[in-house]
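*Asks:* Before I ask anything, let me first share the structure, which is written out below as structure tokens.
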Amino acid sequence: MRILILAEHDGLTLKDEFYKVLNASMQLNLAIDVFIAGYQCQPLCEMLGTLSAVSKVLVIDDVAFRYQPEDRMAKVVASVAWEYSHLFCSTSLFGKTILPRTAAHLNMAAISGVSQIVSMDTFVRPIYAGRLLSKVKSFDSIKIVTLMLSAFPMPEKIIFRPEPVADLVHLAIDGSQIDRTTSFVREIKSISKRRSLQAAHIIVSAGRGLGSKENFEELETLADKLDAAVGATRAVVDAGWLTNDKQIGQTAKIVAPELYIALGISGAPQHLAGMKDSKIIIAVNKDSNAPIFQVANYGFVGDLSDVLPKLNAML
Amino acid sequence: MKILVPQKQVADPGIIVSGSRFDVNTSGTNTVVNPFCAIALEAAVRLKECGLAAEVIVVSIGTRAAQKFLTKSLACGADRALLVEVDSEEDLIPLDIAYALQQVVAVEKPDLVLMGKQAVDFDNNQVGQMLSALLDWPLITAASKIAVENRQLTVEHEVDDGMHIHTFLLPGVVTVDLQLNEPRSPGLAAVVKARSKSIDIFHCPDFPTAKQQHLEVIDTYAPHRDINIKMLDDVKGLADAIKTHSYRLG
């Protein structure tokens, strides 16, 4: 039995998402190979080759794979996956899109958003906005799984060898794999000086109860002081106060930072699904019955217009 | 352009459900249309109202009980409704749904499959991806804006750190996200009129899980979070709590 992990990278470096999945995969004590696709990615292949946890690197280096189009990726991965017992990636957009597509090519199930690896064939994943956990056993010859980024930690240390040790295998591209696909037009990047929600140790999160522009500015000041990322509920994103990629929730980003500060958030199940596994939750809301207080470690009932300026002055 | 819009029914997301060793207990909950499916239908109907689509067909995979939701979809503007009838929805996995939709596409030959990105009961977010693989069609997920010109679709969609715009030539699959639109509630006249329309039953031969078992749910349970909340008395207490839990971090 062997594990195949899809490498997540931006052309220059391997992403945190990849290291989390690699770290999680080591629980199974199986040989681990990595599949990487890109363009002019030799340095990344060498980097992968030096990771002590990696046995073999499968690479496609071609201009057609520069942006790793998910339809082509799925076909190529499906063609090499047969030798593996497990195919892992994270719940990033990359993993969420490619793995189910690969599974369908293989006529197998995919298990999405796993929060716990129980054994070789058994995994736990949240359902019903995380109100329930489902323990699932797979009978497929390849367990195709996306691992929830918020449930698996970064490795404490990453061990490299001085020289690449892993075998490097270049995969040939079959002409039929290059076919009609989507074309990229442009990106609208969310400009933020802050850490990303998945990487941040502290998140300060805005709910509708924040109410005013002044309170928003105080929230930004608080986030600056704590070097925190800023997140939001759906209501805040719908109102246009923050961009979509800041939304935390069941169908948006699921996070579990060391500290989650919920400001003016009532705690609807859809939002809780996105943050209730945070290590420490501190909630401020003017309604003492707000459901957020059922998952918080610390709570304060008060008006944010009053609380935030005073809080910022004390920190 | 002919648009196929899958519709799933889910237990009302506002209701608490409990679990047991074998199954999720949804008795006593209401069934509603999956919010993302409603958004997909709204998008399809708006394209028809703009003259960019000629026909909108909705399809559900479920028991006969799904018919009343399909009637509502007709009231919201769909032209025809199909039911892929099954004895029980419980053991169906996304691969089965994708397979059934592939069979429907083979018969109905739509130009576009417009569907929700995930169902809010099992949160899989897989069917759109699987269907596009089975059809070998282009796919764009989590769409928040769709524009159509001739046979070219231009879609703005969510990515992890912002938005991307992609384009493709039909046919293809697009899954939708929350920001795309706000679904309408049909008026009473539309509801009454829809009741007189029939729902076609679509027969689908063996589902993938009928041939072999892929997955088995061996337990369903509530997560455990053991917390006794400490309510703070003043802003200073709040500041102290924040300092305690952040001082050692970067």
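The values are calculated or read from the model by the stated rules, or taken from the named source; none is laboratory data. Just so we're clear, the structure is a prediction, and the values are computed from it rather than from any experiment. Positions of Cβ are backbone-derived with ideal geometry, glycine not excepted, and every protein chain shown enters the neighbour counts. Quick note on the areas: whole protein, heavy atoms, side chains included, nothing else; ligands and nucleic acids left out. Shrake-Rupley method; radii C 1.70, N 1.55, O 1.52, S 1.80 Å.
*Asks:* So how many residues does the range A:116-149 have that are among the polar types (S, T, N, Q) and either more than 9 Å from chain B (Cβ to nearest Cβ) or in contact (Cβ under 8 Å) with a residue 40 or more places away in the chain (or both)?
*Replies:* Counting residues in the range A:116-149 that are among the polar types (S, T, N, Q) and either more than 9 Å from chain B (Cβ to nearest Cβ) or in contact (Cβ under 8 Å) with a residue 40 or more places away in the chain (or both) gives 4.
*Asks:* If you don't mind, another one. Mind checking whether some residue in the range A:285-297 is closer than 20 Å to A:Glu220 by Cβ and either among the hydrophobic types (A, V, I, L, M, F, W, C) or open to solvent by less than 40 Å² (accessible area, probe 1.4 Å) (or both)?
*Replies:* Yes, the range A:285-297 has at least one match.
*Asks:* Mind listing just one residue for me: the one in the range A:221-244 that is more than 11 Å from chain B (Cβ to nearest Cβ) and closer than 19 Å to A:Ala199 by Cβ and, of those, surrounded by the most Cβ atoms within 10 Å (Cβ to Cβ)?
*Replies:* Among those that are more than 11 Å from chain B (Cβ to nearest Cβ) and closer than 19 Å to A:Ala199 by Cβ, it is A:Gly231.
*Asks:* In the list A:Ile254, A:Ile248, which residue meets the criterion of being open to solvent by less than 10 Å² (accessible area, probe 1.4 Å), within 20 Å of the chain's Cα centre (by Cα) and either at negative phi or of a type in the set (D, E, K, R) (or both)?
*Replies:* Of A:Ile254, A:Ile248, the one residue that is open to solvent by less than 10 Å² (accessible area, probe 1.4 Å), within 20 Å of the chain's Cα centre (by Cα) and either at negative phi or of a type in the set (D, E, K, R) (or both) is A:Ile248.
*Asks:* Does the range A:245-253 contain any residue that is part of a loop (DSSP other than H, G, I, E, B) and more than 7 Å from chain B (Cβ to nearest Cβ)?
*Replies:* Yes: the range A:245-253 contains one or more residues that are part of a loop (DSSP other than H, G, I, E, B) and more than 7 Å from chain B (Cβ to nearest Cβ).
*Asks:* Please list, ordered by residue number, the strands (runs of 3 or more DSSP E) wholly in the range B:98-212 having 3 or more residues that are open to solvent by 20 Å² or more (accessible area, probe 1.4 Å).
*Replies:* Correct list: B:139-149, B:152-159, B:162-169, B:200-202.
*Asks:* Given the criteria of a type in the set (A, V, I, L, M), under 25 Å from A:Met154 (Cβ atoms) and at pLDDT 95 or above, does A:Ala206 qualify?
*Replies:* Here the answer is no, as A:Ala206 does not meet what is asked.
*Asks:* So, one more: Hey, could you check the range A:2-33 for residues that are among the hydrophobic types (A, V, I, L, M, F, W, C) and touching a Phe, Trp or Tyr at 6+ places or on another chain (Cβ under 8 Å) and say which is farthest from A:Asp62 (Cα to Cα)?
*Replies:* Here the residue is A:Ala24.
*Asks:* Could you pull out the residue among B:Glu55, B:Glu89, B:Glu42 that is surrounded by fewer than 17 Cβ atoms within 10 Å (Cβ to Cβ) and touching a Gly at 6+ places or on another chain (Cβ under 9 Å)?
*Replies:* Going through B:Glu55, B:Glu89, B:Glu42 in turn, the sole match is B:Glu89.
*Asks:* Quick check on my filter: what residues within the range A:257-272 are open to solvent by less than 20 Å² (accessible area, probe 1.4 Å), of a type outside the set (Gly, Ala, Ser) and not in a loop (DSSP other than H, G, I, E, B)?
*Replies:* The answer is A:Leu259, A:Tyr260, A:Ile261, A:Leu263, A:His271.
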